[in-house]
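Following: one structure in structure tokens, then a few remarks.
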Amino acid sequence: MNDLSLAQQYLLCVLKKNGKFPGIGIEKPLCFTASCVLELLMGDVLAFDGKKLRVQAPLPEEKAYLRPVHAMIQRKQPVKFETVVEAFSVTFTGKAMNALVDSVGESLVAAGCVQKETGGLFGGKKRYLPSASMVDAIVQNIRAEILEDGELSEDIVALSALLHKSGELKKYFSAYEKKDFRKRMQEIKESPQNEMIQKVMEYIDALLATIIIAST
């Protein structure tokens, strides 16, 4: 699964079997947007300027599916991480999130990882049915790194942390394995090598707390 990027793997793992992006709860869309931002940070396309994001390089053609995020940051920079995530994830219409899902979803169609279907009242709703074998390959790759000794790759650290935060990862581990899983998650949190990833996860935690407080 090395050919798929962080955002592509995250979307592939959270898509429902019917091809829909999860519509209940804020965690999955929030972590999806975060995966797009983090992918650009890890690729040195974006950088933190203090607590704000800046574009520091043109968007590579092979990452054209992240253009909605890159363009928004370029237009508003310097801009807070939370502002970017909220712009896509916490909206009344869902238009920005749908556009981002479609952008990454189309890249998965091109990679042969999903099957696209259209439906809805006017035939304009897109669904991306995930390949079960592709999802299983991603999950097995995560399990192999987390449950074995040794350093975790940066992509696996980021993907595991985001899937864990969205509540998607724990279902792939048995009750016996969850002890090792929690230990590895703590190692990820404490390792200085994962400072950028941890910084993003802290922003996600703060944003989630703010949303929960605002909704009560």
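Residue count for region 136-193, restricted to those that are charged (D, E, K, R), in contact (Cβ under 8 Å) with a residue 24 or more places away in the chain, closer than 18 Å to Leu6 by Cα and out of contact with any Ser or Thr (no Cβ under 9 Å at 6 or more places or on another chain): 4.
Considering Glu187, Glu168, the condition of being on the phi < 0 side of the Ramachandran plot and open to solvent by 30 Å² or more (accessible area, probe 1.4 Å) is satisfied by Glu187 alone. Report yes if some residue within region 131-154 is touching a helix residue (DSSP H, G or I) at 6+ places or on another chain (Cβ under 6 Å) and among the polar types (S, T, N, Q); otherwise report no. There is no residue in region 131-154 that is touching a helix residue (DSSP H, G or I) at 6+ places or on another chain (Cβ under 6 Å) and among the polar types (S, T, N, Q).
Meeting the requirement of 1 or more residues that are open to solvent by less than 40 Å² (accessible area, probe 1.4 Å), at pLDDT 95 or above and of a type in the set (A, V, I, L, M, F, W, C), the helices (runs of 4 or more DSSP H) wholly within region 27-122 are 27-42, 67-76, 95-110. Apart from one condition, Met72 fits all of (1) within 22 Å of Gln198 (Cβ to Cβ); (2) more than 15 Å from the chain's Cα centre (by Cα); the exception is (1). Within region 144-165, the set of residues being under 14 Å from the mean Cα position of the chain (by Cα) and open to solvent by less than 50 Å² (accessible area, probe 1.4 Å) comprises Ile156, Val157, Ala158, Leu159, Ser160, Ala161, Leu162, Leu163. Just to verify a result, which residue in region 166-194, among those that are among the aliphatic types (A, V, I, L, M) and under 20 Å from the mean Cα position of the chain (by Cα), is farthest from Lys16 (Cα to Cα)? By that ranking, first place goes to Ile188. Filtering region 62-88 to residues that are more than 23 Å from Leu159 (Cβ to Cβ) and not aliphatic (A, V, I, L, M) leaves Gln74, Arg75, Lys76, Gln77, Pro78, Lys80, Thr83. Whether a residue is assigned to a loop (DSSP other than H, G, I, E, B), of a type in the set (S, T, N, Q) and either farther than 24 Å from Glu82 by Cα or out of contact with any Gly (no Cβ under 8 Å at 6 or more places or on another chain) (or both) was assessed, and Ser160 does not pass this test.
Filtered by the rule that a residue be among the polar types (S, T, N, Q) and crowded, with 21+ Cβ neighbours inside 10 Å, region 1-26 gives Ser5, Gln8, Gln9.
The values are calculated or read from the model by the stated rules, or taken from the named source; none is laboratory data. Treat the numbers as computed from the prediction; the structure is a model and nothing was measured. Don't worry about glycine lacking a Cβ; one is built from the backbone with ideal geometry, like all the others, and counts go over all protein chains shown. Each accessible area value is taken on the protein alone, full model and side chains, heavy atoms only, with ligands, DNA and RNA left out. Shrake-Rupley method; radii C 1.70, N 1.55, O 1.52, S 1.80 Å.
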